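Taken together, the values in this text are just the output of simple stated rules run on the coordinates, not laboratory data. Everything numeric in this text was worked out from a predicted model, so none of it was measured. Cβ: placed from backbone, ideal geometry, glycine included. Neighbour counts: every protein chain shown.
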Amino acid sequence: MRVLVTGGTGFIGSHIAGHFIEQGAEVLITGTTGENTLERAILIKNLGELRHFGTLDAVFHQAALNDTTNLDKNAMFLANVHWSQELFERAIQKGCKHIVYASSTAIYGNGLAPYKEHQPLQPLNPYAESKIALESLAQQYARAFPSLTFVGLRYCNVYGPGEAHKQKRASMIYQLAQQMLQDNPKLFKIGEQKRDYIYVRDVLQANILAAQAKESCVVNCGSGKPTTFNELVNILNEVIGLQRLPEYIENPHHARYQSHTECDMTLAQQKLGFVPQHDIRKGIEQYYRSGALTQNFSNERTS
């Protein structure tokens, strides 16, 4: 078996690549940054190098420019849409029948939660707009090549070991833990904003199942259960063994801020058979036991 994982040196990509290496597959990866090294993966510098390899059995497209504060629409679309089109073309040329790609619940913006896949989309930034365009592109290819499956996973606040290198783009679970190791955490007033967090091991399972899907689709990839920032601080205090109290500050990103993210996971179960296995406490406990939750980096971001 031969698979390609774009962004294979990054957070989610390294978990996917590591899994298939353990399964004995030949794993090709793209990527230039990240804290994760995969000695048995083959790093390719550009998509043209695929000509040196045979048929691809599956592609897991995780690479993206994913800074939601980046307002350069041209750069965002170049990285997240145009490069993806080249990837899809190359994958088809290599005989690939299963393409899984990372989308995002950022596309829902301030839409009604819990999010359902067919509700109106309200992107708040160029990143979200680029993910909508990526989904549209994949759906065009799925119609043009009905023997292939294109499955999009709308990730929602993924957390877990391997994200430390992302720094300000790391999950708020990681960032709050880092703040709390030093002092009281800072939350936007009044800390009751909600986030649907999904543990990275569940995201890995979603990708595995997506590569086995019988039909093309786009589904949510969250836990289905939101947690407030106040609740998150309480859980982190209990798991790490701290007694920190939140300090509340004004939200400078109000116009582009999602105050409530939550996924309806019904369609993911129907289409993929995917049911998340980690609730927020179980995921944080595993994260803490791994040692990665308290791995340090300079952190200045708030929720």
Rounded to the nearest 5, the percent of DSSP beta bridges in the chain running antiparallel is 10
Which of (1) 13.5; (2) 16.4; (3) 14.6 gives mean projected area of the Cα convex hull in nm² as computed here? It is (3)
The helix 229-240 Cα axis meets the longest alpha-carbon principal axis of the chain at an angle in degrees, between 0 and 90 and rounded to 10, of 90
Given unit charges at Cβ for Lys, Arg (+) and Asp, Glu (-), the dipole magnitude of region 222-303 about its Cα centre in debye, nearest 20, is 260
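Can you give the helix-only mean residue ellipticity at 222 nm for the chain, where every DSSP H stretch with n ≥ 4 adds -39500 (n - 2.57) and the sum goes over all residues, rounded to the nearest 500 deg cm²/dmol?
Mean residue ellipticity, 222 nm, calculated: -10000 deg cm²/dmol.
Give, as a single signed number, the net charge of other residues whose beta carbon lies under 10 Å from the beta carbon of residue 48, with Lys and Arg counted +1 and Asp and Glu -1.
Spelling it out: positives minus negatives among the neighbours equals +1.
Within the chain, what's the longest stretch lacking chymotrypsin sites (Phe, Trp or Tyr not before Pro) that sit in DSSP loops with no more than 16 other Cβ atoms inside 10 Å?
That would be 54-256.
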Of the residues 205, 268, 50, the Cα lying farthest along the dipole of the chain towards its positive end, which is defined by charges on the beta carbon of Lys, Arg, Asp and Glu, belongs to 50
Each label sits 7 Å from Cα toward the beta-carbon; between residue 23 and residue 67 the label points are separated, in nm, by 3.4
Taking alpha-carbon centroids only, region 89-103 lies from region 6-66 a number of Å equal to 13
